[in-house]
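Have a look at the structure below, then the notes.
Each reported figure results from applying straightforward, stated rules to the coordinates on display, with no laboratory input. On a predicted model such as this, the values are computed, not experimentally measured, just so you know. FYI the Cβ positions are ideal-geometry reconstructions off the backbone, even for glycines, and counts take in every protein chain you see.
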Amino acid sequence: MTTRKRKLLGTILFLIVVSIVVLNLGFFFEKPRGDVSHDDGSVGDTPVGVWDDQEPTVARLDPALLTAVREASKDAEADGITFRVTSGWRSRAYQRKLLDEAVEKYGSPTEARRWVSTPEKSRHVVGKAIDIGPTDASYWLARYGARYGLCQVYVNEIWHYELLTVPGGTCPRMLTDGAS
Ligand SMILES: [Zn+2]
């Protein structure tokens, strides 16, 4: 084997080893992010019902918030509108994953924070916030939520509700977004 061929072979082997190390590092760091489950409050792409007690995202909500949402849902039903819970309670790990994904999607932590809170600040993590869809249900709550004490909190999130007043009370002024 000539020196040149040996060098080439050496370079190829070196590149193979580097690739294996890099790929495994990637796998190692990526893995925890994909690991959230049902028990973390994830419902995947299938929103659940407000009465689905077997769903941790519903069952682990603050009881007062859940009661208010259920009361509202009964009256909305009479108007032909069905509430679906796209997200209620979330584990800290799930909240972290959502924030990491938002940073990737929006390109910076600052922009991501307008849409997704940190595990430390999120009201979902303490069971005090609920995201309701589809759009007609969100709009129904935007209009009538205060009757049940439910308030839209952020101008940019028509789906996100918290128990922020007494039934029939006045909701606090909305914030522009989650970073406000
Ligand atoms: Zn929310």
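Calculated from DSSP H runs of 4 or more alone, at -39500 (n - 2.57) each and per residue, what is the 222 nm mean residue ellipticity of the chain, nearest 500? Taken over the chain, the calculation gives -13500 deg cm²/dmol. Counting 0.36 nm for each residue step from residue 100 to residue 120 and taking away their Cα separation leaves a gain of 5.8 nm.
Once fully extended, how much extra length lies between residue 5 and residue 155, figured as 0.36 nm per residue of separation less the alpha-carbon to alpha-carbon distance? All intermediate terms of the calculation are to be shown ahead of the outcome.
On the way: separation 150, 0.36 × 150 = 54.00 nm, distance 6.53 nm.
Length difference between fully extended and current span is 47.5 nm.
Inter-part distance, the range 69-103 to the range 114-167, computed on C-alpha centroids, equals 8 Å. Taking Cα atoms only, the orientation of helix 92-106 departs from the longest principal axis of the chain by about 70 degrees. Modelled label positions at residue 111 and residue 15, each set 7 Å beyond Cα in the direction of Cβ, lie 3.4 nm from each other. Label separation (residue 35 vs residue 135): 3.9 nm, computed from points 7 Å beyond Cα along the C-beta direction. Listed by chain and number, the lysines whose alpha-carbon sits under 28 Å from that of residue 128, ignoring those within fewer than 8 places in the same chain, are 74, 97, 105. The gain in end-to-end length when the residue 179 to residue 54 segment is fully stretched comes to 41.8 nm, 0.36 nm per residue minus the alpha carbon separation.
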